[in-house]
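Here's the structure we're looking at; comments come further down.
Read-outs throughout are calculated quantities, based only on the coordinates presented, and are distinct from any laboratory measurement. All figures in this text were calculated on a predicted structure; none of them were measured in a lab. All Cβ positions, even for glycine, are placed from backbone atoms using ideal geometry, and neighbour counts span all protein chains on display.
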Amino acid sequence: MEQHATHQRIVITGVGLTAPGAANLSEFRANLLAGTSGISTLDLRYMGVHPAGLCSFAETRYRKKRENSRGTRAGCIGVYCANEALVDAGIDFSTYDPAATGVYIGLTEHGTVETENEVYNIGQYGHDVNYWTHHHNPRTVLNNPAGEITMNLRLTGPHYSIGAACAAGNAALIQGVQMLRLGEVDLALCGGLSECVGSFGIFASFRAQGALAEHQDPTKASRPFDRDRNGIVISEGGCVFTLERLDAALERGASIYGEITGYAMNSDARDFVLPYGPRQRQCMEMALARAGLSPADITIVNTHATGTKQGDVEECNAVRETFAGCENTWINNTKSSIGHAMGAAGVLELAGNLPSFTDNMVHPTINVDNLDPECALPGLVANAPKQLERVDAILNNSFGMLGINSVVIVERFVAN
């Protein structure tokens, strides 16, 4: 295991994902460029029918049905995404040691779905706790999804989950970069997962806050920046990246999606749920400084915007101030197509933009039928993709409750 590698360049070499309407990056990218929504509806216990983002993927490709039943939905998604990332990267552990491979998974929450299900189940038996499953504890510990990945792949390096609200996917990616540079691991599987659609409590809580999206057409329900938006569409999903040090990736002839050059995290320290644009701006500025870039060097800003009035406006103000005068910086939003995948949001949204380095396209923000004037950003790509001559850098915003902010910058890989 290489030590003291803080100077090392870190690259993305594999992507495995499942998102509403897509089971791999190719499908995901095609949907985003076509402006195809992955949102459908879910008839949820106690809640009725609501717009939601649901995933369909080969759940038994890498793990048997019995193993999925013993584990969790998040674990099932994680095992699929991690295996897909390794296949995409061409890694079979003939090059890397499983003991030097770290698994870092971002979660908004975990255990809610399993607990709600068990409470409901014993309710059918007079709340007799003898009917409570003995699988409950291992299913609900926070490291569960990361641990399920290590068991499936027989990885004996470190694994843990990172709870960072809806900034968790980016936070896990940052953790992987740091561990590689510190020499703690030689290969990092990093990403985020969401099983939120299984929890009526999450839907009910957003509705109580007046932040749950409603629309007769579910594909129109997620509409950041639009004046007629009315809240968040809750989605499940997952995305895992393989991260490697550049020298090792080049030595094995890996294909490289991009290089992570900047990142930052900070806290608003103000409110439980209300976002704060000035602190988001500081986070973007810190990430730019770490990458050694100016705002004008960024080609695409992928926004966090969820489809709530204050959240959209606060971020738009922060982006407007940070990128003022940057005529070649373009802004988009992925949640308009897939809803809010919570802990998976940041990494899914970054993954959806990575192919821009190859096709030089900016995928659109869809459902912008009546643009909110406070969100009328210069460079906003709405309803149709934007063809560019070249994409050099992507800045990905991901913010969460309790005022946690994260930014990751990925640049086009250039060998030098």
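See the values below:
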read-out: Mean Cβ count within 10 Å, highest first, over the residues of peptides 301-309, 31-39, 62-70; value: 301-309, 31-39, 62-70
read-out: Percentage of interatomic Cα-Cα distances in the chain larger than 27 Å; value: 46 percent
read-out: Electrostatic dipole magnitude of the chain [Cβ: Lys, Arg +1; Asp, Glu -1; Cα centre; debye, to 20]; value: 380 debye
read-out: Projected label distance in nm at residue 376 and residue 115, using a 7 Å step from Cα toward the beta-carbon; value: 4.6 nm
read-out: Reachable lysines from residue 335, criterion Cα separation under 27 angstrom, eight or more residues apart if same chain; value: 220, 309, 386
read-out: Formal net charge of residues neighbouring residue 345 (Cβ-Cβ distance under 14 Å; K, R +1; D, E -1); value: -4
read-out: Farthest toward positive dipole pole in the stretch 10-251 [+1 Lys/Arg, -1 Asp/Glu at C-beta], among 159, 42, 110; value: 42
read-out: Distance in nm between pseudo-label sites at residue 26 and residue 182 (7 Å out along the Cβ direction from Cα); value: 3.8 nm
read-out: Listed residues 195, 285, 59, most fluctuating in the chain (Gaussian network, C-alpha, under 10 Å); value: 59
read-out: DSSP bridge pairs, the stretch 10-251: antiparallel proportion in percent, nearest 5; value: 60 percent
read-out: Net charge of neighbours whose Cβ lies under 14 Å from the Cβ of residue 201, counting Lys and Arg as +1 and Asp and Glu as -1; value: -3
read-out: Distance between the stretch 62-120 and the stretch 327-369 - C-alpha centres, whole angstrom; value: 24 Å
read-out: Overall form of the stretch 262-411 per C-alpha gyration tensor (a/c, 1.5; a/b vs b/c); value: rounded
